[in-house]
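The values are calculated or read from the model by the stated rules, or taken from the named source; none is laboratory data. Because the structure is predicted, anything quoted here is derived from the model rather than measured. Here the Cβ is made from the backbone with ideal geometry for all residues, glycine too, and neighbour counts use every protein chain on show. Surface areas here come from the heavy atoms of the whole protein model, side chains and all, with no ligands, DNA or RNA. Shrake-Rupley method; radii C 1.70, N 1.55, O 1.52, S 1.80 Å.
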Amino acid sequence: MTSIIDPADDYLTITAAEEQMKINYARMKKENEEAYADLKALSRVLEAAKKSSMRPPNVPSVEQHATHLNELDASRLSLAKAIRDAEGTLASKEAELTALKQEARALEDSDPAKDHQIQLDGSALRLKIYRGLGFEPVLDADGRATKMLVRSESGDIHSFPSDGTKSDFDDADQLWRLATS
C-alpha cells in the first residue's frame, strides 16, 4: 500500500494543482476585469448614442417647427404683398413725377406774361371793364356798336343810341348821367 500513496508525489501534484489554480484564477480575474472594462466602455458609448439620438432641449419639437414654418410662410406672403403694393405705389409716384417734370419744363419754357398778353385782347378787356361798370354795347352784324345799354345805380336799364351826331365828350357825359341816375 505504500506504493500506492506516495506523499511526496501527492504533495507535488497538489502543489502543482494549486499553482495551476492560482494561474487560472489570475487569468480569469484578468479576463473578468477586461470584460468589465469593455462593458463600461460600451455603456458609455451607449449613453452617448442615446444622448445624440435625442432632440436637444433648445431645438423645437416637430409640431413647433411646423408651426414656425407656417408662420414664416405667412409672413413671406404678407411681405410679398406689401412689396408688390409698394412697387405699385412707387410706379404711380414715378409716373406722377415724370408728368410733373414735363409740366415744369413746359412752364419753364413758357412766358406767362406773354401768354397772358396773347390771351387778353385789349378790346375784350375793355369790354369786360365796361360791362362791369354797367355799360353794354349792342353790336350789329359788322361788329360796330349801334347802341349802348346802360344799367343805372337804381337798377334801371336805359338804351342810348350811338348815331355819331354828337361829340364823344357829349356822348360820354350823357352815358355817365344815365349810369348815375
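Annotations for the structure displayed:
Residue-wise test of (1) under 60 Å from the mean Cα position of the chain (by Cα); (2) at pLDDT 85 or above; (3) open to solvent by 80 Å² or more (accessible area, probe 1.4 Å); (4) not basic (K, R).
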| position | (1), (2), (3), (4) |
| --- | --- |
| Q117 | yes, no, yes, yes |
| I129 | yes, no, yes, yes |
| V150 | no, yes, no, yes |
| T165 | no, no, yes, yes |
| F169 | no, yes, yes, yes |
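- Some residue of region 100-111 being under 30 Å from E153 (Cβ atoms), open to solvent by 70 Å² or more (accessible area, probe 1.4 Å), part of a helix (DSSP H, G or I) and without any contact (Cβ under 8 Å) to a residue 40 or more places away in the chain: no
- Qualifying residue in region 119-127 (condition: open to solvent by 90 Å² or more (accessible area, probe 1.4 Å) and in contact (Cβ under 8 Å) with a residue 24 or more places away in the chain): no
- Residues of region 46-70 satisfying the condition of being acidic (D, E) and surrounded by 10 or more Cβ atoms within 10 Å (Cβ to Cβ): E47
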